[in-house]
2 protein chains.
Amino acid sequence: MTDRPRIDALQYADWSEAVLDEMRAGGLDAVHATIAYHGGFREGVLALEAWHRRFADHPGRLLFARTAADIAAARDSGRIAVFLGAQNPSILEDDLGLVEVWRDLGLRFLQITYNAQSLLGSGHAEADDTGLTLMGREVVAEMNRTGIAIDLSHAGERTALDAIAASARPVAVTHANPRDWCPTDRNVSDAVIAALAETGGMLGVSLYPHHLAGGSDCTLDAFCRMVADVAGRHGTEMLGIGSDLCRGRPDEAVHWMRHGRWRRPATHDPPARFPDQPAWFRSSRDFPTIAAGLAATGFSGDEVAGIMGGNWARFIAVQFGGKP
Amino acid sequence: MTDRPRIDALQYADWSEAVLDEMRAGGLDAVHATIAYHGGFREGVLALEAWHRRFADHPGRLLFARTAADIAAARDSGRIAVFLGAQNPSILEDDLGLVEVWRDLGLRFLQITYNAQSLLGSGHAEADDTGLTLMGREVVAEMNRTGIAIDLSHAGERTALDAIAASARPVAVTHANPRDWCPTDRNVSDAVIAALAETGGMLGVSLYPHHLAGGSDCTLDAFCRMVADVAGRHGTEMLGIGSDLCRGRPDEAVHWMRHGRWRRPATHDPPARFPDQPAWFRSSRDFPTIAAGLAATGFSGDEVAGIMGGNWARFIAVQFGGKP
């Protein structure tokens, strides 16, 4: 059963015609797209409005996805199912009631933290990690109740473990790699990966150079051996792709991601810029290259199909209902 | 030199005519008034607009205070100088630039946290306290630069100590008592009081029953002996009053303070209500009773005048300029 959808669990592309062409060429059926890195409710709604216009402008190419059935609908019609998510709970402000509001507006993934402290927990960049806060525990329960998937990418270790333990539903790290393979706090420890695996959660392995051993020079073989190593320790079923591709975004976007409005960058900071993608994964066109690499590393056809999207489809069905 | 202003460093009164009569009767010259417990920037601005209307409605009774000179101006004209503050940095949202905006709008005090985790640090009610966050350090520096006084009431221990150490200006705990006198996390440790004293900071002792040893039954003598104990350990100059009076507010205000919109109260929670004030401090009319109690405990006339407002006037002059 290799006829499973191809899914990327994290992109922040610019969604131009050229980028949509790349996604089509790479065979993507569904993508989790980031609408917000910083900012409050109203700013999140403005980003959502831009997505409404985008869906209206590309009725033959994009589908506003709310359940797993939208993945099948997109495949059947040659479109891409787009699940919307936010990388920062700042869009909730200090208002628990906004969880259900965002669910009704179509948001399907929400990170507990971005790099810094949020009202819910600690990001990986903080010197210390409070774990889930009082409000964090309320929000996890409300996300479970309403059906927004918890994304622990960018979270600190303790916050991630707290959230996995507190959540009644499986949770995801949509875009990160094992920290013992590429030692950066943005990647995740084996303890977190194990906790995800034990609870039906998912890890989306990332193609962002800062998360890769060797950075932009990481080889396809090294990347696929990392995936095989995780699979050997924790099973193949928890694995998917979360490319973290930011195609078409200017370097100023890196500045926004890092600093938002909460920090004044030091004047001696080097200008923020996107790193070069590895030669074997420049854009969504290269998803078949990863599938081939995984097969060459020894994964079966069924396993490759799972990692390339089948496992995410299962997770999405569990979270949001529908048959992928 | 007992002719010094009488200042209350924290009230959340309803500012009705009756409450203003009480303040006048109690001889208050200046008050730090809370405009926000929860909510974002826009909500804080709405609260500020209500204050603009209040100042316009009571030109002969209230003065919108921005510097210490406004205390003298209020005394000379029989008015009350009102310094505005917020008990939650939620009004900054995730935007460092809003510090200067709030400064220009007239905000003069801002708490680093309320009871729960904020983007800047940990409130006393969190299970753990990771101290000032990355954004917290940025905001402390920006408050120092622009001239908003840092208020550490409601902060966790480590966050309070971090902020005192990080701030280039003296900081305040506007309304709390020593924790070793009344053991609740809302009160402050002797280590925090010592750090305040060593840096020119202030402690406003609170008359809110939950902060008093014995609660509503606390005696005036016990309260004044507590003040004398702090003075004996850390000097009289750091002491002032921060009554935390909420005159005229309905019990629903307690619910809002505690839960805001971030928490769904447990159904078995008892209805939130304001505790009864001690018999000797029912309202602002009773400030002379406290002055008399302090004198009876052995403070000199000069020391009493300092505690009843002179010390706050000095702090306010250091923070905001002007001659009180």
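The values are calculated or read from the model by the stated rules, or taken from the named source; none is laboratory data. These numbers were taken from a predicted model, which means no experiment stands behind them. Note that we place each Cβ from the backbone using ideal geometry, even for glycine, and neighbour counts take in every protein chain shown.
Things worth noting here:
Yes/no per residue for (1) modelled with pLDDT under 95; (2) crowded, with 16+ Cβ neighbours inside 10 Å; (3) touching a strand residue (DSSP E or B) at 6+ places or on another chain (Cβ under 6 Å):
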{"position": "A:Asp251", "(1), (2), (3)": "yes, no, no"}
{"position": "A:Arg258", "(1), (2), (3)": "yes, yes, no"}
{"position": "A:Pro265", "(1), (2), (3)": "yes, no, no"}
{"position": "A:Asp269", "(1), (2), (3)": "yes, no, no"}
{"position": "A:Arg282", "(1), (2), (3)": "no, no, no"}
{"position": "A:Ala295", "(1), (2), (3)": "no, no, no"}
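- Total residues in segment A:116-155, condition in a loop (DSSP other than H, G, I, E, B) and either touching a residue at least 40 places away in the same chain (Cβ under 8 Å) or more than 9 Å from every other protein chain (Cβ to nearest Cβ) (or both): 10
- For segment A:66-91, taking the residues that are of a type in the set (S, T, N, Q) and within 14 Å of chain B (Cβ to nearest Cβ), the one that is nearest to the chain's Cα centre (by Cα) is identified as A:Gln87.
- Taking each residue of segment A:252-267 that is within 12 Å of chain B (Cβ to nearest Cβ) and under 13 Å from B:Leu134 (Cβ atoms) and looking for partners that are at pLDDT below 95 and part of a loop (DSSP other than H, G, I, E, B) with beta-carbon atoms closer than 6 Å, six or more apart or interchain, yields A:Arg258/A:Ala272; A:His259/A:Pro265.
- Residue within segment A:233-251 that is part of a helix (DSSP H, G or I) and farther than 17 Å from A:Arg179 by Cα present: no
- Matching residues in segment A:92-115 - criterion: being of a type in the set (A, V, I, L, M) and either under 19 Å from A:Ala165 (Cα atoms) or away from chain B (no Cβ under 11 Å) (or both): A:Val101, A:Leu105, A:Leu107, A:Leu110, A:Ile112
- Qualifying residue in segment A:16-28 (condition: closer than 30 Å to A:Trp262 by Cα, in contact (Cβ under 8 Å) with a residue 12 or more places away in the chain, away from every other protein chain (no Cβ under 14 Å) and out of contact with any strand residue (DSSP E or B) (no Cβ under 7 Å at 6 or more places or on another chain)): yes
- Residue check for B:Gly248: within 14 Å of chain A (Cβ to nearest Cβ), among the small types (Gly, Ala, Ser) and in contact (Cβ under 8 Å) with a residue 40 or more places away in the chain: no
- Among the candidates A:Gly310, A:Gly306, the residue that is in a helix (DSSP H, G or I), in contact with an Asp or Glu (Cβ under 7 Å, 6 or more places away or on another chain) and in contact (Cβ under 8 Å) with a residue 12 or more places away in the chain is uniquely A:Gly306.
- Some residue of segment B:5-26 being polar (S, T, N, Q) and either assigned to a strand (DSSP E or B) or buried (at least 22 other Cβ atoms within 10 Å of the Cβ) (or both): yes
- Residue in segment B:184-191 that is more than 18 Å from the chain's Cα centre (by Cα), in a loop (DSSP other than H, G, I, E, B) and in contact (Cβ under 8 Å) with a residue 60 or more places away in the chain present: no
- All conditions but one from (1) in contact with a His (Cβ under 7 Å, 6 or more places away or on another chain); (2) at negative phi; (3) buried (at least 22 other Cβ atoms within 10 Å of the Cβ) apply to B:Phe287; the one that does not is (1).
- The one condition in (1) free of Cβ contacts under 8 Å to residues at least 60 places away in the same chain; (2) touching a helix residue (DSSP H, G or I) at 6+ places or on another chain (Cβ under 9 Å); (3) within 14 Å of chain A (Cβ to nearest Cβ) that B:Arg158 fails to fulfil: (2)
- Some residue of segment B:32-40 being more than 18 Å from the chain's Cα centre (by Cα), more than 23 Å from B:Ile316 (Cα to Cα) and away from chain A (no Cβ under 14 Å): no
- Qualifying residue in segment B:224-232 (condition: farther than 21 Å from B:Tyr208 by Cα and among the charged types (D, E, K, R)): no
- Candidates in segment A:91-129 are the residues that are touching a helix residue (DSSP H, G or I) at 6+ places or on another chain (Cβ under 7 Å) and hydroxyl-bearing (Ser, Thr, Tyr); of these, the one that is nearest to A:Tyr12 (Cα to Cα) is A:Thr113.
- Residues of segment B:192-209 classified as in a helix (DSSP H, G or I) and under 11 Å from B:Ala163 (Cβ atoms), total: 3
- In segment B:34-62, the qualifying residues are those that are among the hydrophobic types (A, V, I, L, M, F, W, C) and crowded, with 21+ Cβ neighbours inside 10 Å, and the one that is farthest from B:Ala172 (Cα to Cα) is B:Leu62.
- Here B:Asp286 passes the criteria (1) part of a loop (DSSP other than H, G, I, E, B); (2) under 20 Å from the mean Cα position of the chain (by Cα); (3) acidic (Asp, Glu) except the one numbered (1).
- Applying the set (1) over 26 Å from B:Glu237 (Cα atoms); (2) charged (D, E, K, R); (3) surrounded by fewer than 16 Cβ atoms within 10 Å (Cβ to Cβ) to B:Asp76 leaves exactly one unmet item: (1).
- The C-beta contact set for segment B:50-74 (first residue farther than 22 Å from B:Ala36 by Cα, second residue hydroxyl-bearing (Ser, Thr, Tyr), distance under 9 angstrom, 6+ apart or interchain) comprises B:Gly60/B:Ser77.
- Unmet requirement for A:Glu43, which otherwise passes all of (1) part of a helix (DSSP H, G or I); (2) within 18 Å of A:Ala149 (Cα to Cα); (3) touching a helix residue (DSSP H, G or I) at 6+ places or on another chain (Cβ under 8 Å): (2)
- Which listed residue is in contact with a helix residue (DSSP H, G or I) (Cβ under 6 Å, 6 or more places away or on another chain), part of a helix (DSSP H, G or I) and either farther than 30 Å from B:Ser16 by Cβ or not polar (S, T, N, Q) (or both), from B:Ala295, B:Ala272: B:Ala295
- Being modelled with pLDDT of 95 or more, away from chain B (no Cβ under 14 Å) and surrounded by fewer than 20 Cβ atoms within 10 Å (Cβ to Cβ) is a description that applies to A:Arg169.
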